[in-house]
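One structure is given here, and the rest of the page talks about it.
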Amino acid sequence: MALSGETNYEYDVFLVHCEADTDTAKHVDRVLSNAGMKCIASFKNILFLPGREIYENIKHATEQSRISLVLLTNESKDRPWVTLETILALEKSHHLKQLCIRLLLKGIEKSDEAKLKVGILGNLPHLFIDTGSSDWEDRLVKSIKEPLPIAEILPAGNLALGQVYSLVTGFYGYVLPGLKNGLIQSDYFVPGRTSMKFFILLPQDSKTYRTITDYEQRISHIGKIDVTQKVHVGKPREYKVDLYSIKYDSTEYYFVAEYPNVLNTMYQIQKKDIAGIDLRLQMSRFYFTLMKVLNHAVHKDCHGTFNIILYDTTATEETDKLYNLILGRIKEELMNRHEEMNRHEEKVSNPITRLLVAKKDSDVMDATVTWCDDVTKDSEVAERIQSTLSAHNWKYENGAGKRMFSYIGRGKWKIFVLSKEGLQSDMLKPQFIAAMTDSIEMNCLCVIPVLRGMKIQEVPDFIKWITYLSSDEEGYEEILIQIMEGKEMTMETRLPAGDVATGLAWGFILNYLPIPLLGTSRDQTDLKGRIMKKLKEKSLNCACIKKLYITVPKTCQPTPIETNMEKNPNSDPLIENLGRLEAVKFTSSGNVDRPYELVMYKMTSKQNQLPDDRNEICFLAEQATPSYTLFNMSKQYCDAGLSHEDLMEQAKDFSVLCTTLIASQNFKEKVADIEDLCQFVYFDNASQTVENSLLETIRMDLTSDVELIF
């Protein structure tokens, strides 16, 4: 029976259950069969044949069934294969935009539902089996027959997830490790009265203020602290933080704090009614995701450097107000600091402790590297991986597929070099499946495939759902180390990230673009005036396009604009970096006078590649920072749930969505009219350079009525 007009599924329902629930599963099968549905389950040997790999059985059943129905009981909840089946069904749902999974609960009280529906099962629709009534049978049949858009159950715009990774791979990733040194070296530092931690303030209603003082008058703004300078996505930036003071009796304490910008994004979307948003859900997601990511082992240098203060702006009890929450954390930190330092020194200096730790480490094998050594190029990749492991003092063993047919290896991490040629081997694929099966049974993802010479569409289905690297991408060895430095991931953390592009797009066009495009500098100079100043400063007679070109490479890799004036003066066109325009300083979310700067370039063509007999033109350009966030989510964070395919799909979605939103009348009326001041340039960086992409776009603009400034 084909449901809802679908004819491409072999089965209507894949019935997921554990062995202890077989009798119940058979009863459910009879109910669905009587309703004209074709079911597949492990007790039917039509598909689940002895000797076939378990994973392949499950994957095939999931793909060939319209709905996966999970029978959830106290016996099956912790069964690892149920977790895998749920993940595969949710990935299928993500790509089809229809929820392809339902839950059937049995043997528990409704009051215990929350205890059973934990983790990845929490938001999925469910029914209870009521043995005293047949009503549940009719409701089950109806539930399976009715299509359910995934957006109704799993919200499409995941504002929180992308913004957390944006902060961690950018501002927090740079500021938190260097905050202590920045404070000590500043003129404001007062020993014994200065907190060394960064206070991240999270009001439950998401409403932020220009400065913390605007909300809490008992807190005073002191000044700026220089922390570090970094080039982020090709753009030089000075990272500074704001220092505040708080008084208790006659003693003044000092601390660094601000609101995350994403809170302002969420609040403005709801306040201005620009788009539908569940503010409580997004706020909860943001809080827990931020805690998880900042405490991840990959960010060891961020551990212990921050305080997250979640507070209620409507609190009436004095102890629950922001002033006392911050003061309490500062006092606790200052009282414990000396004791913590003593404990740390004892741990480091004690020779017996060092000896015990060294002995323990010597017994651990960190990784097993496996490949088909009949394939020369695979062997070369394996050698590079082993050299990288050695350079980082990781202990590994050789698990080459040719010599060890079923050997999984002692290493905590199982690294496989896979290629089209290597997968033809009768030994490597079964060994990989065995390692993955072992990983699933332990409910812990510790298998890392490194693909060589394979395009995305050539990646085997049994690999796609886990994090993998490509040896064709520069720097994959270091990304491998970063993954290994993090803790191994549970199956739950590998869920699809969902629509991250929407959240990143809203943050970019609400919290960033309007400021440098419509804002003014200290002397009230607008964008046109700042461009004219730069042209005069460089003594240039050519025009500059009054528009910011925002590049979005398909793979989201950092792709800086190559300034080839000195490197290759015979190139055409030649591109020169003219430096930053005068900054627009803006105060928001507790960050006082943050500078927003655009970079100007000059393009010169000797071969008349520019229209209207022009041989040079100036323009503003930068890579969209959210593309770098997507890149990091896919490559460096194996718990983010963003696959390679999703990465490229969402990069394009981000570009299209930003363009669509800023062109909408709703955005122009409620936020800002910046449509003519910016343009997103999405390009395939595997076949086209960013310079040529910009050249094509600029040529088209110069033949239109784009505004030029002289």
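Listing for the model above:
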{"item": "From the options Val348, Val364, Val369, residue that is part of a helix (DSSP H, G or I) and either at pLDDT 50 or above or more than 26 Å from Ile385 (Cα to Cα) (or both)", "result": "Val348"}
{"item": "Residue list for region 1-13, restricted to those being within 21 Å of His126 (Cβ to Cβ), at pLDDT below 90 and among the hydrophobic types (A, V, I, L, M, F, W, C)", "result": "Leu3"}
{"item": "Strands (runs of 3 or more DSSP E) lying entirely in region 187-286 (those with 2 or more residues that are more than 24 Å from the chain's Cα centre (by Cα) and of a type in the set (D, E, K, R))", "result": "219-232, 235-248"}
{"item": "Number of the exception - Tyr55 against (1) over 23 Å from Gln98 (Cβ atoms); (2) modelled with pLDDT of 80 or more; (3) among the hydroxyl-bearing types (Ser, Thr, Tyr)", "result": "(2)"}
{"item": "Where a residue in region 203-226 is over 13 Å from Ser588 (Cβ atoms) and its partner, wherever it lies, is acidic (Asp, Glu) and open to solvent by less than 20 Å² (accessible area, probe 1.4 Å), with Cβ under 6 Å and at least six apart", "result": "none"}
{"item": "Hits in region 678-705 - residues which are surrounded by 15 or more Cβ atoms within 10 Å (Cβ to Cβ), out of contact with any Pro (no Cβ under 9 Å at 6 or more places or on another chain) and more than 30 Å from Asp472 (Cα to Cα)", "result": "Cys678, Gln679, Ile698, Asp701"}
{"item": "Count of residues meeting criterion [out of contact with any helix residue (DSSP H, G or I) (no Cβ under 6 Å at 6 or more places or on another chain) and either outside any loop (DSSP other than H, G, I, E, B) or under 17 Å from Ser655 (Cα atoms) (or both)] in region 674-687", "result": "5"}
{"item": "Yes/no for Ser206 being buried (at least 17 other Cβ atoms within 10 Å of the Cβ), on the phi > 0 side of the Ramachandran plot and polar (S, T, N, Q)", "result": "yes"}
{"item": "Asn608 vs. criteria closer than 23 Å to His232 by Cβ, without any contact (Cβ under 8 Å) to a residue 40 or more places away in the chain and either open to solvent by 50 Å² or more (accessible area, probe 1.4 Å) or among the small types (Gly, Ala, Ser) (or both)", "result": "no"}
{"item": "Matching option when the condition is open to solvent by 10 Å² or more (accessible area, probe 1.4 Å), modelled with pLDDT of 90 or more, under 23 Å from Arg237 (Cα atoms) and of a type in the set (S, T, N, Q), among Asn591, Asn577", "result": "Asn577"}
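The values are calculated or read from the model by the stated rules, or taken from the named source; none is laboratory data. Since the structure is predicted, the reported quantities are computational estimates derived from the model, not experimental observations. Reconstructed Cβ throughout: ideal geometry from the backbone, glycine too, with neighbour counts over all protein chains shown. Accessible surface is based on the protein model in full, side chains and every heavy atom, while ligands, DNA and RNA are left aside. Shrake-Rupley method; radii C 1.70, N 1.55, O 1.52, S 1.80 Å.
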